[in-house]
Number of protein chains: 2
Amino acid sequence: MHLFYTPDIAPTHPQYFLSEEESKHAIRVLRLEAGDKVELIDGRGGFYNAEIKDAHPKRTILDITSVTTEFNKRNHYLHIAVAPTKNIERTEWFLEKATEIGIDEISLIITQRSERKEVKVDRLNKIITAAIKQSLKAYHPLLNEPIKLNQLLTQPFDGQKFIAHCEPGEKLSLSGQLQPHGKYLILIGPEGDFTPAEIELALESGFKPITLGESRLRTETAALEACFEANFLNRI
Amino acid sequence: MHLFYTPDIAPTHPQYFLSEEESKHAIRVLRLEAGDKVELIDGRGGFYNAEIKDAHPKRTILDITSVTTEFNKRNHYLHIAVAPTKNIERTEWFLEKATEIGIDEISLIITQRSERKEVKVDRLNKIITAAIKQSLKAYHPLLNEPIKLNQLLTQPFDGQKFIAHCEPGEKLSLSGQLQPHGKYLILIGPEGDFTPAEIELALESGFKPITLGESRLRTETAALEACFEANFLNRI
(Lines give C-alpha, C1' and ligand atoms only; values in the text may rest on other atoms or scores of the structure.)
Protein backbone atom coordinates (compact mmCIF):
# COMPACT_ATOMS: atom_id res chain seq x y z
CA MET A 1 0.00 0.00 0.00
CA HIS A 2 1.27 3.50 -0.77
CA LEU A 3 2.34 5.74 2.11
CA PHE A 4 2.28 9.54 2.02
CA TYR A 5 4.10 11.88 4.40
CA THR A 6 1.56 14.59 5.28
CA PRO A 7 2.90 16.79 8.09
CA ASP A 8 -0.04 19.22 7.84
CA ILE A 9 -2.75 16.71 8.79
CA ALA A 10 -4.15 16.38 12.32
CA PRO A 11 -5.84 13.36 13.97
CA THR A 12 -9.15 15.27 14.09
CA HIS A 13 -9.38 15.78 10.32
CA PRO A 14 -12.08 13.64 8.63
CA GLN A 15 -10.67 14.36 5.16
CA TYR A 16 -7.35 15.34 3.61
CA PHE A 17 -6.48 16.98 0.31
CA LEU A 18 -3.24 15.79 -1.27
CA SER A 19 -1.01 18.60 -2.56
CA GLU A 20 -0.93 19.20 -6.31
CA GLU A 21 2.40 17.38 -6.53
CA GLU A 22 1.25 14.40 -4.43
CA SER A 23 -2.09 14.30 -6.28
CA LYS A 24 -0.32 14.12 -9.64
CA HIS A 25 1.97 11.39 -8.31
CA ALA A 26 -0.95 9.41 -6.85
CA ILE A 27 -3.24 9.59 -9.86
CA ARG A 28 -0.93 9.93 -12.89
CA VAL A 29 2.05 7.86 -11.70
CA LEU A 30 0.61 5.38 -9.20
CA ARG A 31 -2.69 5.26 -11.13
CA LEU A 32 -4.68 5.20 -7.92
CA GLU A 33 -8.46 5.37 -8.24
CA ALA A 34 -11.46 6.24 -6.10
CA GLY A 35 -11.85 3.58 -3.42
CA ASP A 36 -8.15 2.72 -3.31
CA LYS A 37 -6.65 2.61 0.16
CA VAL A 38 -3.54 4.57 1.18
CA GLU A 39 -1.66 5.32 4.38
CA LEU A 40 -0.51 8.65 5.79
CA ILE A 41 2.03 9.59 8.45
CA ASP A 42 2.22 13.08 9.93
CA GLY A 43 5.73 12.90 11.41
CA ARG A 44 4.41 13.56 14.92
CA GLY A 45 3.31 10.02 15.72
CA GLY A 46 0.07 10.00 13.75
CA PHE A 47 -0.60 7.05 11.43
CA TYR A 48 -3.69 7.29 9.21
CA ASN A 49 -5.61 4.83 7.07
CA ALA A 50 -7.33 6.61 4.24
CA GLU A 51 -9.37 5.94 1.11
CA ILE A 52 -9.40 7.94 -2.09
CA LYS A 53 -12.77 9.69 -2.43
CA ASP A 54 -12.01 11.84 -5.47
CA ALA A 55 -9.10 10.78 -7.67
CA HIS A 56 -8.51 14.35 -8.86
CA PRO A 57 -5.04 14.67 -10.49
CA LYS A 58 -4.47 18.09 -8.91
CA ARG A 59 -6.47 17.93 -5.69
CA THR A 60 -7.06 14.34 -4.64
CA ILE A 61 -9.52 14.03 -1.79
CA LEU A 62 -8.97 11.35 0.86
CA ASP A 63 -11.43 10.11 3.48
CA ILE A 64 -9.64 9.27 6.71
CA THR A 65 -10.94 5.87 7.82
CA SER A 66 -8.87 5.41 10.98
CA VAL A 67 -6.19 7.15 12.99
CA THR A 68 -3.53 5.83 15.36
CA THR A 69 -1.67 8.37 17.48
CA GLU A 70 1.73 7.70 19.06
CA PHE A 71 2.24 4.99 16.44
CA ASN A 72 5.24 2.84 17.50
CA LYS A 73 6.22 5.48 20.02
CA ARG A 74 9.87 5.12 20.99
CA ASN A 75 10.71 4.24 24.61
CA HIS A 76 13.68 6.63 24.87
CA TYR A 77 14.90 9.90 23.40
CA LEU A 78 18.14 9.83 21.42
CA HIS A 79 19.90 12.99 20.27
CA ILE A 80 23.16 12.43 18.37
CA ALA A 81 25.42 15.39 17.63
CA VAL A 82 27.93 14.49 14.93
CA ALA A 83 30.42 16.42 12.83
CA PRO A 84 29.38 16.28 9.16
CA THR A 85 31.84 14.25 7.09
CA LYS A 86 34.08 15.68 4.36
CA ASN A 87 32.27 13.38 1.93
CA ILE A 88 28.65 14.31 2.64
CA GLU A 89 27.38 10.96 1.33
CA ARG A 90 28.72 9.37 4.51
CA THR A 91 26.61 11.71 6.61
CA GLU A 92 23.63 11.05 4.33
CA TRP A 93 23.75 7.31 4.87
CA PHE A 94 24.19 7.77 8.60
CA LEU A 95 20.94 9.78 8.59
CA GLU A 96 19.15 7.11 6.53
CA LYS A 97 20.35 4.24 8.71
CA ALA A 98 19.84 6.05 12.02
CA THR A 99 16.27 6.86 10.95
CA GLU A 100 15.63 3.20 10.12
CA ILE A 101 17.06 1.99 13.43
CA GLY A 102 15.59 4.78 15.56
CA ILE A 103 16.66 8.31 16.42
CA ASP A 104 14.83 11.43 17.61
CA GLU A 105 17.14 14.37 17.01
CA ILE A 106 20.35 15.03 15.10
CA SER A 107 22.67 18.00 15.41
CA LEU A 108 25.49 18.63 12.94
CA ILE A 109 28.36 20.12 14.89
CA ILE A 110 31.16 22.29 13.57
CA THR A 111 34.38 21.47 15.39
CA GLN A 112 37.96 22.72 15.17
CA ARG A 113 39.02 19.83 12.96
CA SER A 114 35.83 19.70 10.86
CA GLU A 115 36.75 19.69 7.19
CA ARG A 116 33.15 20.48 6.27
CA LYS A 117 31.55 23.56 7.79
CA GLU A 118 28.48 23.83 5.56
CA VAL A 119 25.63 21.42 4.82
CA LYS A 120 22.37 21.60 2.89
CA VAL A 121 19.90 20.76 5.63
CA ASP A 122 16.96 20.64 3.19
CA ARG A 123 18.59 17.88 1.17
CA LEU A 124 19.46 15.91 4.31
CA ASN A 125 15.89 16.29 5.56
CA LYS A 126 14.58 14.78 2.32
CA ILE A 127 16.74 11.72 3.00
CA ILE A 128 15.28 11.41 6.49
CA THR A 129 11.73 11.76 5.13
CA ALA A 130 12.35 9.05 2.53
CA ALA A 131 13.71 6.81 5.29
CA ILE A 132 10.70 7.21 7.60
CA LYS A 133 8.39 6.32 4.70
CA GLN A 134 10.51 3.30 3.80
CA SER A 135 10.76 2.08 7.39
CA LEU A 136 7.17 3.02 8.30
CA LYS A 137 7.93 5.49 11.08
CA ALA A 138 5.26 7.95 12.18
CA TYR A 139 7.77 10.20 13.94
CA HIS A 140 10.04 12.40 11.82
CA PRO A 141 13.49 12.83 13.43
CA LEU A 142 14.42 16.46 14.02
CA LEU A 143 17.47 17.65 12.08
CA ASN A 144 18.87 20.88 13.51
CA GLU A 145 20.76 23.56 11.62
CA PRO A 146 24.55 23.19 11.96
CA ILE A 147 25.87 24.51 15.26
CA LYS A 148 29.32 25.23 16.66
CA LEU A 149 30.36 22.65 19.25
CA ASN A 150 30.96 25.32 21.89
CA GLN A 151 27.38 26.56 21.47
CA LEU A 152 25.93 23.06 21.72
CA LEU A 153 27.91 22.36 24.89
CA THR A 154 26.32 25.33 26.64
CA GLN A 155 22.74 24.41 25.71
CA PRO A 156 20.69 22.89 28.54
CA PHE A 157 19.84 19.19 28.18
CA ASP A 158 17.79 17.32 30.79
CA GLY A 159 19.24 13.87 30.21
CA GLN A 160 22.47 11.89 30.08
CA LYS A 161 25.30 13.47 28.09
CA PHE A 162 28.12 11.45 26.54
CA ILE A 163 31.13 12.12 24.36
CA ALA A 164 32.85 9.42 22.26
CA HIS A 165 36.46 10.31 21.52
CA CYS A 166 39.73 8.54 20.71
CA GLU A 167 42.11 10.36 23.08
CA PRO A 168 43.60 8.33 25.95
CA GLY A 169 41.84 8.31 29.29
CA GLU A 170 39.31 6.26 31.18
CA LYS A 171 36.11 5.58 29.27
CA LEU A 172 33.09 3.47 30.07
CA SER A 173 30.81 1.51 27.78
CA LEU A 174 27.26 2.79 27.22
CA SER A 175 26.03 -0.57 28.48
CA GLY A 176 27.22 0.28 31.97
CA GLN A 177 26.04 3.88 31.86
CA LEU A 178 22.79 4.22 29.98
CA GLN A 179 19.65 4.52 32.08
CA PRO A 180 16.91 2.65 30.17
CA HIS A 181 14.03 4.71 28.74
CA GLY A 182 16.00 7.87 29.38
CA LYS A 183 17.05 10.87 27.35
CA TYR A 184 20.54 10.87 25.82
CA LEU A 185 22.79 13.29 23.98
CA ILE A 186 25.86 11.69 22.39
CA LEU A 187 28.71 13.61 20.75
CA ILE A 188 30.64 12.10 17.83
CA GLY A 189 33.72 13.89 16.52
CA PRO A 190 35.01 14.60 13.01
CA GLU A 191 37.64 12.73 10.98
CA GLY A 192 40.69 13.46 13.12
CA ASP A 193 38.61 13.51 16.31
CA PHE A 194 37.85 16.30 18.76
CA THR A 195 40.81 18.35 19.99
CA PRO A 196 41.95 17.76 23.60
CA ALA A 197 40.65 21.25 24.40
CA GLU A 198 37.21 20.41 22.98
CA ILE A 199 37.11 17.16 24.98
CA GLU A 200 38.11 19.01 28.14
CA LEU A 201 35.36 21.57 27.58
CA ALA A 202 32.79 18.79 27.03
CA LEU A 203 33.82 17.03 30.24
CA GLU A 204 33.55 20.33 32.13
CA SER A 205 30.07 20.68 30.63
CA GLY A 206 28.99 17.38 32.15
CA PHE A 207 29.56 15.00 29.23
CA LYS A 208 30.83 11.56 30.23
CA PRO A 209 33.53 9.92 28.08
CA ILE A 210 32.46 6.64 26.48
CA THR A 211 34.05 4.02 24.27
CA LEU A 212 32.25 2.43 21.33
CA GLY A 213 34.54 -0.60 21.33
CA GLU A 214 38.10 -1.33 20.31
CA SER A 215 37.68 -0.86 16.58
CA ARG A 216 38.86 2.29 14.87
CA LEU A 217 35.62 3.60 13.38
CA ARG A 218 34.94 6.27 10.80
CA THR A 219 32.89 9.24 11.99
CA GLU A 220 29.63 8.03 10.44
CA THR A 221 30.22 4.47 11.63
CA ALA A 222 30.83 5.67 15.19
CA ALA A 223 27.64 7.73 15.07
CA LEU A 224 25.67 4.71 13.84
CA GLU A 225 27.29 2.46 16.46
CA ALA A 226 26.12 4.89 19.16
CA CYS A 227 22.63 4.82 17.62
CA PHE A 228 22.66 1.00 17.56
CA GLU A 229 23.79 0.78 21.18
CA ALA A 230 21.23 3.26 22.56
CA ASN A 231 18.38 1.48 20.77
CA PHE A 232 19.63 -2.01 21.61
CA LEU A 233 20.11 -1.21 25.30
CA ASN A 234 16.50 -0.01 25.40
CA ARG A 235 15.31 -3.30 23.91
CA ILE A 236 17.07 -5.77 26.22
CA MET B 1 51.98 6.23 9.43
CA HIS B 2 51.31 4.44 6.15
CA LEU B 3 49.88 0.93 6.24
CA PHE B 4 50.30 -1.69 3.51
CA TYR B 5 48.24 -4.84 3.07
CA THR B 6 50.76 -7.59 2.28
CA PRO B 7 49.07 -11.01 2.33
CA ASP B 8 52.20 -12.80 1.07
CA ILE B 9 54.40 -11.94 4.06
CA ALA B 10 55.00 -14.34 6.97
CA PRO B 11 56.02 -13.54 10.58
CA THR B 12 59.38 -15.25 10.04
CA HIS B 13 60.46 -12.96 7.19
CA PRO B 14 63.25 -10.50 8.13
CA GLN B 15 62.66 -8.43 5.00
CA TYR B 16 59.85 -7.71 2.55
CA PHE B 17 59.85 -6.44 -1.02
CA LEU B 18 56.94 -4.20 -1.94
CA SER B 19 55.32 -5.05 -5.27
CA GLU B 20 56.10 -2.80 -8.23
CA GLU B 21 52.75 -1.08 -7.80
CA GLU B 22 53.13 -0.59 -4.04
CA SER B 23 56.76 0.51 -4.49
CA LYS B 24 55.73 3.16 -7.00
CA HIS B 25 52.96 4.33 -4.66
CA ALA B 26 55.29 4.43 -1.65
CA ILE B 27 58.19 6.25 -3.31
CA ARG B 28 56.61 8.34 -6.06
CA VAL B 29 53.27 9.21 -4.45
CA LEU B 30 53.89 9.06 -0.69
CA ARG B 31 57.51 10.23 -1.20
CA LEU B 32 58.76 7.79 1.42
CA GLU B 33 62.52 7.58 1.90
CA ALA B 34 65.06 5.18 3.36
CA GLY B 35 64.65 5.09 7.14
CA ASP B 36 60.93 5.95 7.04
CA LYS B 37 58.71 3.70 9.12
CA VAL B 38 55.67 1.88 7.74
CA GLU B 39 53.23 -0.77 8.95
CA LEU B 40 52.12 -3.99 7.29
CA ILE B 41 49.17 -6.30 7.86
CA ASP B 42 48.99 -9.77 6.35
CA GLY B 43 45.25 -10.38 6.71
CA ARG B 44 45.84 -13.43 8.91
CA GLY B 45 46.42 -11.62 12.18
CA GLY B 46 49.99 -10.51 11.57
CA PHE B 47 50.87 -6.87 12.23
CA TYR B 48 54.38 -5.74 11.24
CA ASN B 49 56.46 -2.66 11.95
CA ALA B 50 58.91 -2.06 9.16
CA GLU B 51 61.48 0.45 7.97
CA ILE B 52 62.38 1.33 4.42
CA LYS B 53 65.89 0.05 3.67
CA ASP B 54 66.01 0.78 -0.06
CA ALA B 55 63.52 3.33 -1.43
CA HIS B 56 63.53 1.74 -4.88
CA PRO B 57 60.53 2.97 -6.95
CA LYS B 58 59.97 -0.51 -8.44
CA ARG B 59 61.22 -2.84 -5.72
CA THR B 60 61.25 -1.12 -2.35
CA ILE B 61 63.01 -3.16 0.32
CA LEU B 62 61.65 -3.12 3.89
CA ASP B 63 63.38 -4.34 7.05
CA ILE B 64 60.87 -5.89 9.43
CA THR B 65 61.58 -4.39 12.87
CA SER B 66 58.85 -6.14 14.89
CA VAL B 67 55.97 -8.54 14.42
CA THR B 68 52.77 -9.05 16.38
CA THR B 69 50.74 -12.17 15.62
CA GLU B 70 47.02 -12.52 16.41
CA PHE B 71 46.83 -8.71 16.45
CA ASN B 72 43.50 -7.66 18.05
CA LYS B 73 42.24 -11.22 17.67
CA ARG B 74 38.45 -11.33 17.77
CA ASN B 75 36.79 -13.20 20.66
CA HIS B 76 34.08 -14.79 18.51
CA TYR B 77 33.50 -15.94 14.94
CA LEU B 78 30.77 -14.20 12.95
CA HIS B 79 29.59 -15.44 9.57
CA ILE B 80 26.79 -13.42 7.98
CA ALA B 81 25.02 -14.75 4.90
CA VAL B 82 23.09 -11.99 3.18
CA ALA B 83 21.29 -11.62 -0.14
CA PRO B 84 23.07 -9.01 -2.30
CA THR B 85 20.93 -5.91 -2.79
CA LYS B 86 19.49 -4.77 -6.12
CA ASN B 87 21.55 -1.60 -5.74
CA ILE B 88 25.00 -3.10 -5.14
CA GLU B 89 26.21 0.06 -3.38
CA ARG B 90 24.06 -0.95 -0.40
CA THR B 91 25.89 -4.28 -0.18
CA GLU B 92 29.21 -2.46 -0.60
CA TRP B 93 28.63 -0.21 2.37
CA PHE B 94 27.45 -3.13 4.47
CA LEU B 95 30.79 -4.81 3.74
CA GLU B 96 32.73 -1.65 4.61
CA LYS B 97 30.82 -1.07 7.84
CA ALA B 98 30.77 -4.73 8.92
CA THR B 99 34.54 -4.85 8.40
CA GLU B 100 34.99 -1.76 10.57
CA ILE B 101 32.74 -3.11 13.34
CA GLY B 102 34.01 -6.70 13.11
CA ILE B 103 33.13 -9.71 10.97
CA ASP B 104 34.95 -12.91 9.97
CA GLU B 105 33.10 -14.34 7.00
CA ILE B 106 30.45 -13.16 4.54
CA SER B 107 28.41 -15.26 2.15
CA LEU B 108 26.28 -13.70 -0.56
CA ILE B 109 23.18 -15.87 -0.93
CA ILE B 110 20.95 -16.20 -3.94
CA THR B 111 17.35 -16.63 -2.84
CA GLN B 112 14.03 -17.01 -4.65
CA ARG B 113 13.21 -13.33 -4.32
CA SER B 114 16.74 -12.05 -4.97
CA GLU B 115 16.63 -9.34 -7.62
CA ARG B 116 20.40 -9.58 -8.02
CA LYS B 117 21.92 -12.96 -8.82
CA GLU B 118 25.40 -11.83 -9.86
CA VAL B 119 28.11 -9.89 -8.04
CA LYS B 120 31.72 -8.95 -8.79
CA VAL B 121 33.44 -10.54 -5.79
CA ASP B 122 36.81 -8.97 -6.70
CA ARG B 123 35.42 -5.46 -6.47
CA LEU B 124 33.70 -6.23 -3.16
CA ASN B 125 36.95 -7.71 -1.81
CA LYS B 126 38.78 -4.47 -2.64
CA ILE B 127 36.25 -2.61 -0.50
CA ILE B 128 36.89 -5.00 2.40
CA THR B 129 40.66 -4.59 1.99
CA ALA B 130 40.37 -0.79 2.03
CA ALA B 131 38.24 -1.06 5.17
CA ILE B 132 40.71 -3.24 7.10
CA LYS B 133 43.48 -0.78 6.27
CA GLN B 134 41.35 2.17 7.32
CA SER B 135 40.23 0.52 10.56
CA LEU B 136 43.60 -1.11 11.27
CA LYS B 137 42.49 -4.74 11.24
CA ALA B 138 45.09 -7.49 10.82
CA TYR B 139 42.48 -10.10 9.90
CA HIS B 140 40.92 -9.92 6.42
CA PRO B 141 37.27 -11.05 6.45
CA LEU B 142 36.57 -13.94 4.09
CA LEU B 143 34.13 -13.13 1.28
CA ASN B 144 32.77 -16.28 -0.34
CA GLU B 145 31.58 -16.64 -3.92
CA PRO B 146 27.79 -16.27 -4.26
CA ILE B 147 25.93 -19.43 -3.24
CA LYS B 148 22.33 -20.61 -3.55
CA LEU B 149 20.52 -20.53 -0.20
CA ASN B 150 19.62 -24.23 -0.44
CA GLN B 151 23.30 -25.13 -0.83
CA LEU B 152 24.33 -22.96 2.12
CA LEU B 153 21.67 -24.54 4.34
CA THR B 154 23.11 -28.02 3.77
CA GLN B 155 26.71 -27.03 4.56
CA PRO B 156 27.96 -28.17 7.98
CA PHE B 157 28.51 -25.38 10.54
CA ASP B 158 29.78 -26.10 14.06
CA GLY B 159 28.18 -23.14 15.79
CA GLN B 160 24.88 -21.37 16.41
CA LYS B 161 22.71 -20.81 13.34
CA PHE B 162 20.11 -18.04 13.11
CA ILE B 163 17.72 -16.68 10.52
CA ALA B 164 16.26 -13.17 10.64
CA HIS B 165 12.98 -12.94 8.74
CA CYS B 166 9.82 -10.82 8.73
CA GLU B 167 7.18 -13.56 8.54
CA PRO B 168 4.91 -14.01 11.58
CA GLY B 169 5.90 -16.52 14.22
CA GLU B 170 7.78 -16.65 17.51
CA LYS B 171 11.24 -15.12 17.37
CA LEU B 172 13.81 -14.47 20.05
CA SER B 173 16.34 -11.68 20.37
CA LEU B 174 20.02 -12.51 19.86
CA SER B 175 20.64 -11.16 23.37
CA GLY B 176 18.81 -14.12 24.85
CA GLN B 177 20.32 -16.68 22.49
CA LEU B 178 23.90 -15.88 21.69
CA GLN B 179 26.53 -17.87 23.57
CA PRO B 180 29.44 -15.46 24.20
CA HIS B 181 32.74 -16.15 22.41
CA GLY B 182 30.96 -18.64 20.18
CA LYS B 183 30.65 -19.21 16.46
CA TYR B 184 27.59 -17.83 14.67
CA LEU B 185 26.01 -18.00 11.23
CA ILE B 186 23.23 -15.48 10.64
CA LEU B 187 20.98 -15.41 7.55
CA ILE B 188 19.61 -12.12 6.23
CA GLY B 189 17.04 -12.14 3.44
CA PRO B 190 16.62 -10.05 0.28
CA GLU B 191 14.33 -7.09 -0.34
CA GLY B 192 10.96 -8.82 -0.06
CA ASP B 193 12.29 -11.30 2.51
CA PHE B 194 12.77 -15.05 2.35
CA THR B 195 9.83 -17.09 1.08
CA PRO B 196 7.87 -19.13 3.69
CA ALA B 197 9.30 -22.27 2.04
CA GLU B 198 12.86 -20.98 2.43
CA ILE B 199 12.23 -20.13 6.08
CA GLU B 200 10.74 -23.58 6.69
CA LEU B 201 13.77 -25.22 5.10
CA ALA B 202 16.13 -23.11 7.24
CA LEU B 203 14.27 -24.06 10.43
CA GLU B 204 14.45 -27.72 9.43
CA SER B 205 18.18 -27.22 8.91
CA GLY B 206 18.59 -26.08 12.52
CA PHE B 207 18.46 -22.30 12.10
CA LYS B 208 16.69 -20.46 14.94
CA PRO B 209 14.38 -17.55 14.07
CA ILE B 210 15.47 -14.22 15.52
CA THR B 211 14.17 -10.66 15.55
CA LEU B 212 16.41 -7.63 15.07
CA GLY B 213 13.89 -5.30 16.69
CA GLU B 214 10.58 -3.72 15.77
CA SER B 215 11.86 -1.46 13.00
CA ARG B 216 11.35 -2.36 9.37
CA LEU B 217 14.94 -2.52 8.16
CA ARG B 218 16.40 -2.64 4.68
CA THR B 219 18.42 -5.76 3.84
CA GLU B 220 21.80 -4.12 4.36
CA THR B 221 20.66 -2.40 7.56
CA ALA B 222 19.40 -5.69 8.97
CA ALA B 223 22.72 -7.35 8.13
CA LEU B 224 24.62 -4.55 9.85
CA GLU B 225 22.27 -4.68 12.86
CA ALA B 226 23.04 -8.41 13.21
CA CYS B 227 26.77 -7.66 12.93
CA PHE B 228 26.51 -4.95 15.54
CA GLU B 229 24.50 -7.14 17.95
CA ALA B 230 26.90 -10.09 17.72
CA ASN B 231 29.91 -7.85 18.39
CA PHE B 232 28.19 -5.89 21.13
CA LEU B 233 27.00 -9.00 22.95
CA ASN B 234 30.60 -10.26 22.96
CA ARG B 235 31.78 -7.00 24.53
CA ILE B 236 29.37 -6.71 27.45
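The values are calculated or read from the model by the stated rules, or taken from the named source; none is laboratory data. Bear in mind the structure is a predicted one, so any value in this text is a computation, not a measurement. Ideal geometry is used to build each Cβ from the backbone, glycine not excepted, and the neighbour counts take in all protein chains shown. Accessible surface areas use protein heavy atoms only, side chains included; no ligands, DNA or RNA. Shrake-Rupley method; radii C 1.70, N 1.55, O 1.52, S 1.80 Å.
List of remarks:
- Some residue of the range B:92-106 being of a type in the set (Ser, Thr, Tyr), touching a Pro at 6+ places or on another chain (Cβ under 6 Å) and at pLDDT 95 or above: yes
- For the criterion of being surrounded by 16 or more Cβ atoms within 10 Å (Cβ to Cβ), touching a residue at least 60 places away in the same chain (Cβ under 8 Å) and among the aliphatic types (A, V, I, L, M), B:Leu224 passes.
- Within the range B:227-236, the set of residues being of a type outside the set (Asp, Glu), within 19 Å of B:Asp104 (Cβ to Cβ) and within 11 Å of chain A (Cβ to nearest Cβ) comprises B:Cys227, B:Phe228, B:Asn231, B:Phe232, B:Leu233, B:Asn234, B:Arg235.
- The number of residues in the range A:77-99 that are away from every other protein chain (no Cβ under 14 Å) and open to solvent by less than 50 Å² (accessible area, probe 1.4 Å) comes to 7.
- Hey, B:Ala138 under 24 Å from B:Asn87 (Cα atoms) and small (Gly, Ala, Ser) or not: no
- Flag for B:Arg74 being open to solvent by 30 Å² or more (accessible area, probe 1.4 Å) and in contact (Cβ under 8 Å) with a residue 60 or more places away in the chain: yes
- Residue, farthest from the other protein chains (Cβ to nearest Cβ), within the range A:138-151, restricted to residues that are in contact with a helix residue (DSSP H, G or I) (Cβ under 7 Å, 6 or more places away or on another chain) and crowded, with 18+ Cβ neighbours inside 10 Å: A:Leu149
- Verdict on A:Lys97 being in contact with a Cys (Cβ under 9 Å, 6 or more places away or on another chain) and either in a loop (DSSP other than H, G, I, E, B) or within 30 Å of A:Gly192 (Cβ to Cβ) (or both): yes
- Residues of the range B:178-221 that turn out to be at the interface with chain A (Cβ under 9 Å from one of its Cβ atoms) and either at positive phi or open to solvent by less than 60 Å² (accessible area, probe 1.4 Å) (or both), as a count: 5
- Close pairs (7 angstrom Cβ cut-off, 6 or more residues apart or separate chains): without any contact (Cβ under 8 Å) to a residue 60 or more places away in the chain in the range B:98-114, of a type in the set (Gly, Ala, Ser) and open to solvent by 20 Å² or more (accessible area, probe 1.4 Å) anywhere: B:Glu100/A:Ser215
- Scanning the range A:163-174 for residues being within 14 Å of chain B (Cβ to nearest Cβ), surrounded by fewer than 22 Cβ atoms within 10 Å (Cβ to Cβ) and touching a Phe, Trp or Tyr at 6+ places or on another chain (Cβ under 8 Å) gives a total of 0.
- Considering the range A:124-213, the qualifying helices (runs of 4 or more DSSP H), each wholly inside and each with 3 or more residues that are out of contact with any strand residue (DSSP E or B) (no Cβ under 8 Å at 6 or more places or on another chain), run over A:149-154, A:196-204.
- Of all residues in the range B:100-123 being part of a helix (DSSP H, G or I) and within 12 Å of another protein chain (Cβ to nearest Cβ), the one that is least open to solvent (accessible area, probe 1.4 Å): B:Glu100
- Listed by position, the strands (runs of 3 or more DSSP E) enclosed by the range A:1-58 that each have at least 2 residues that are acidic (Asp, Glu) and open to solvent by 30 Å² or more (accessible area, probe 1.4 Å) are A:47-54.
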